[in-house]
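First the structure, in the form of structure tokens, and then the observations on it.
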Amino acid sequence: MDGTPEFDRILIKLSGEALMGDQGFGIKPEMIYYVAKEVAAVHKLGVQVSMVVGGGNIFRGVAGSSAGMDRASADNMGMLATVINSLALCDALEKQGVPTRVQSALPMNQVAEPFIRRKAERHLEKGRAVIFAAGTGNPYFTTDTAAVLRAQELHAQILFKATQVNGVYDKDPAVHKDATFIKKISYMEVLERQLRVMDMTAISLAMDNDLPLQIFDLHTPGNIAKAVCGGEIGTRIYNS
């Protein structure tokens, strides 16, 4: 790896939980500053950067549904939570000198642009980062699926999922001490083994459209730039 980007256009998927740090809820200023700094380093390499961020640090639709709330209502609340995170990340990126736009799948013109694919492409071509908020705009779909969908629509060359763990294991490493790390794996194997690295709908959509995925630890400084420059970190998921 020589510091030269391997990709021209990427999409980064961030979990909402990544923004709360050790708080247990909400957005930790130090953490969102750290994330913005990591993304800005990639943007400065000349890479066209788009992002999807979850909302689990504020509200999770699945959790609301399991507590007795109507699933559609709970998911709508989760989508609004992603808008809050997207606006916070946009502000942090702008402070890092990265011109950024937020596009929302739910109309809310006073705080974000509506999602328009051609406009998003134009932003990227102009050197602006784009954050896609509110998931797909539909209940029952996760932000993982939204990330794969947006990556496909924008012809991103790869989707990076910067997360809380350093890659994919054959079983939960937090529970099983003998869990084995997996460096490379096919989409079909992820589906067959029910490895919960991403939503199964997202994995299927990526497989159908041959979109490579790379899962790695967000909390190691420089990891996003390393992945963009072809570093072998985390786990690569692809068509075998």
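The numbers here are math on the coordinates, done by the rules we state, and not lab data. Computed from a predicted structure; not experimentally measured. Note that we place each Cβ from the backbone using ideal geometry, even for glycine, and neighbour counts take in every protein chain shown.
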Requested in this report: All but one of (1) farther than 22 Å from Leu80 by Cβ; (2) under 19 Å from the mean Cα position of the chain (by Cα) hold for Ile185, so report the exception by its number.
Outcome: (2)
Query raised in the report: Counting only residues that are touching a residue at least 12 places away in the same chain (Cβ under 8 Å), not small (Gly, Ala, Ser) and not in a helix (DSSP H, G or I), how many does the range 98-125 have?
Result: 12
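Could you go through the range 153-164 and let me know if any residue there is among the basic types (Lys, Arg), touching a residue at least 12 places away in the same chain (Cβ under 8 Å) and either in contact with a Pro (Cβ under 9 Å, 6 or more places away or on another chain) or closer than 24 Å to Asp22 by Cβ (or both). Step through it out loud before you land on a result.
To start, the set of residues in the range 153-164 that are among the basic types (Lys, Arg) comprises 161.
If we keep only those that are touching a residue at least 12 places away in the same chain (Cβ under 8 Å) as well, we get 161.
Those still in the list that are either in contact with a Pro (Cβ under 9 Å, 6 or more places away or on another chain) or closer than 24 Å to Asp22 by Cβ (or both) too: 161.
Yes; the residues of the range 153-164 include at least one that is among the basic types (Lys, Arg), touching a residue at least 12 places away in the same chain (Cβ under 8 Å) and either in contact with a Pro (Cβ under 9 Å, 6 or more places away or on another chain) or closer than 24 Å to Asp22 by Cβ (or both).
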**Report entry** Unmet requirement for Asp75, which otherwise passes all of (1) in contact with a Pro (Cβ under 6 Å, 6 or more places away or on another chain); (2) of a type in the set (D, E, K, R); (3) free of Cβ contacts under 8 Å to residues at least 12 places away in the same chain
**Finding:** (3)
Report task. Collect the residues in the range 37-68 that are under 28 Å from Pro139 (Cα atoms) and either surrounded by fewer than 17 Cβ atoms within 10 Å (Cβ to Cβ) or of a type in the set (A, V, I, L, M) (or both), keeping them in residue-number order. Result -> Val49, Met51, Val52, Val53, Ile58, Val62, Ala63, Ser66, Ala67, Gly68
Report summary line: Contact list, first residue from the range 130-148 and under 14 Å from Glu113 (Cα atoms), second anywhere and buried (at least 24 other Cβ atoms within 10 Å of the Cβ) and of a type in the set (Lys, Arg), beta-carbon distance below 7 Å, six or more apart or interchain, is Phe132/Arg150
